[in-house]
Amino acid sequence: MTESPSTLTRLVTWPDRHRAQFDAILALVVTAFSLLAVVSNAASLPADAKSTFTDYVIPIAATLVICVPLAFRRSHPTLASALTYSGALAHMLAGVPLVFTADLAVPMALFAVTAYGTKRAYTIAAIGAGAGSVMVAVLFAGTAGYSAALAVFVAIFVGLIFAAVFAFALVRRSRLAEISQLAARAKTLEQERDAQAVQAASNERTRIAREMHDIIAHSLTVLIAQADGGRYAAAADPQAAVRSLETIGEVGRAALADVRRLLGVLRDGTPDESAAPGSFAAPDATMAGGLGVAPTSPQPGVEGLTELIEQMRTARLRVSYAVTGRARRLPPGIGLMAYRICQESLTNVLKHAGPDPAVSVLVAWGASSITIEVSDDGRGASAPSDGVGHGVIGMRERAAMIGANLQAGPKPGGGYRVRCVIPVPTERSQPQSEEIPSL
């Protein structure tokens, strides 16, 4: 829970949070005190020494021109400083060296134009402040009762005031620039974070859709093949129908578990270590409609290809399986991708290759890659399709995620072939396992 700022903090930060109101109040206070000082000073003079024009008109007019622009010194710093400087110059040219209290607004104008104005504006203002210091000294030197030494002292004193104000204003300007850069950077980072969140959500939706397609398409294809085969064989061989039903049950339960795991993503968003990098899954998600809780189980990898081949054989698909090279443990995301590519390829064979195709599955382990090749002698690209084509697209997307090279298309002499070369960690960086036997 965020703590509310204290009263002192709110009071200190009020001028920055309400700049227009603060500057208006400041201009009003300075103007009032300056007018009061002008009237008091004129009233204290002897009657024979008073001059209405010099002691009242010029100081009052100069006070208004110098002090009123303080109300917009931060919103329009160049205009405010120009008016303030003009008022100060006017009363000095009129023979009045100093208008007490009102001339304090000149350093304030210099600070404002230096901190909030353009570089050209504050450069001109700094030069004007130096010239004004010299002019004040000259006017004092020409006034009776003031020595040249006093005039020099006045020039140095006023010049030091302007120099100090100018230095502090430069520090303030630098600080404001730094704050502006930090704010811009924070805004940019926030936009990048939001964009990354949107991209991550989009990638996750794509991953879930791809997984759902692989699971459902494969499972339904096997179920349909088993149901058709069992129906045709039931009259001649009742046991074949029983085996078909057993396979349908096994495939259905496996598909249900996979779907539960994927739908759990939409509920919990728990990271799934067996999925591709950046993806999520919930191990114990409950499906809508009272389907229960999915058990926790790792997603399949290359080691699950043997079971996949046996499952396809129960669907009366003639599959030969061969492994070359020395197998080793793969990162979960890469192993799942290889399994899904092989699964989708075999599913497409069931759907499109025609009656009784011969299929060969080759897994070739290399020093820095693994090659998955699934080929058949069926009808290939000439087979009828539903026109959607998500299977090959999904395989290409999976391959692109980790920089694998996937080729899918008709092969010379008829049939269809899917070949994917997947980069994997080298043998030295991974513990070696037993060679997977060929079937």
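Brief remarks follow.
- Segment 195-212, subset open to solvent by less than 70 Å² (accessible area, probe 1.4 Å) and not aliphatic (A, V, I, L, M), residue nearest to Ala254 (Cα to Cα): Glu211
- Residue within segment 184-191 that is open to solvent by 50 Å² or more (accessible area, probe 1.4 Å) and closer than 25 Å to Ala105 by Cα present: no
- If only residues of segment 137-179 that are modelled with pLDDT under 90 and polar (S, T, N, Q) are counted, the one that is nearest to Leu93 (Cα to Cα) is Thr143.
Results for (1) closer than 25 Å to Val251 by Cα; (2) surrounded by fewer than 20 Cβ atoms within 10 Å (Cβ to Cβ), shown as yes or no for each residue.
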| site | (1), (2) |
| --- | --- |
| Pro331 | no, yes |
| Leu350 | yes, no |
| Ser360 | yes, yes |
| Gly378 | yes, no |
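- Lone unmet requirement of (1) part of a helix (DSSP H, G or I); (2) out of contact with any helix residue (DSSP H, G or I) (no Cβ under 6 Å at 6 or more places or on another chain) for Gly95: (1)
To keep it simple, each residue is scored yes or no on (1) within 18 Å of Leu36 (Cα to Cα); (2) out of contact with any Lys or Arg (no Cβ under 8 Å at 6 or more places or on another chain); (3) in contact (Cβ under 8 Å) with a residue 24 or more places away in the chain.
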| position | (1), (2), (3) |
| --- | --- |
| Ala94 | no, yes, yes |
| Val99 | yes, yes, yes |
| Thr114 | no, no, yes |
| Gly132 | no, yes, yes |
| Ala148 | no, yes, no |
| Ala151 | no, yes, no |
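- Subset tally (residues that are in a helix (DSSP H, G or I), surrounded by 10 or more Cβ atoms within 10 Å (Cβ to Cβ) and at pLDDT below 85) for segment 1-37: 8
- Qualifying residues in segment 318-367 (those that are part of a helix (DSSP H, G or I) and among the hydroxyl-bearing types (Ser, Thr, Tyr)) - the one nearest to Gln407 (Cα to Cα): Ser345
- Cβ-Cβ contacts under 7 Å between residues 6 or more apart (or on different chains), taken from a first residue in segment 306-323 that is closer than 18 Å to Ala225 by Cβ and touching a residue at least 40 places away in the same chain (Cβ under 8 Å) to a second residue that is assigned to a helix (DSSP H, G or I) and open to solvent by 10 Å² or more (accessible area, probe 1.4 Å), are listed as Thr314/Thr247; Ala315/Ala225; Ala315/Leu350; Arg316/Ala225; Arg316/Gly229; Leu317/Leu350; Val319/Arg313.
- Ser44, sole failed condition from (1) over 53 Å from the mean Cα position of the chain (by Cα); (2) free of Cβ contacts under 8 Å to residues at least 60 places away in the same chain; (3) open to solvent by less than 70 Å² (accessible area, probe 1.4 Å): (3)
- The residue list Ile215, Ile161 contains one member that is in contact with an Asp or Glu (Cβ under 7 Å, 6 or more places away or on another chain), surrounded by 11 or more Cβ atoms within 10 Å (Cβ to Cβ) and either β-branched (Val, Ile, Thr) or not in a helix (DSSP H, G or I) (or both), which is Ile215.
- So Leu79, is it surrounded by fewer than 23 Cβ atoms within 10 Å (Cβ to Cβ) and within 18 Å of Ala62 (Cα to Cα): yes
- Selection status of Ala109, modelled with pLDDT under 95, under 27 Å from Leu35 (Cα atoms) and open to solvent by 90 Å² or more (accessible area, probe 1.4 Å): no
The values are calculated or read from the model by the stated rules, or taken from the named source; none is laboratory data. None of the values given here were measured: they were computed from a predicted structure. Backbone-built Cβ (ideal geometry, glycine too); neighbour counts: all protein chains shown. These area figures cover heavy atoms from the full protein model, side chains too; ligands, DNA and RNA do not enter into them. Shrake-Rupley method; radii C 1.70, N 1.55, O 1.52, S 1.80 Å.
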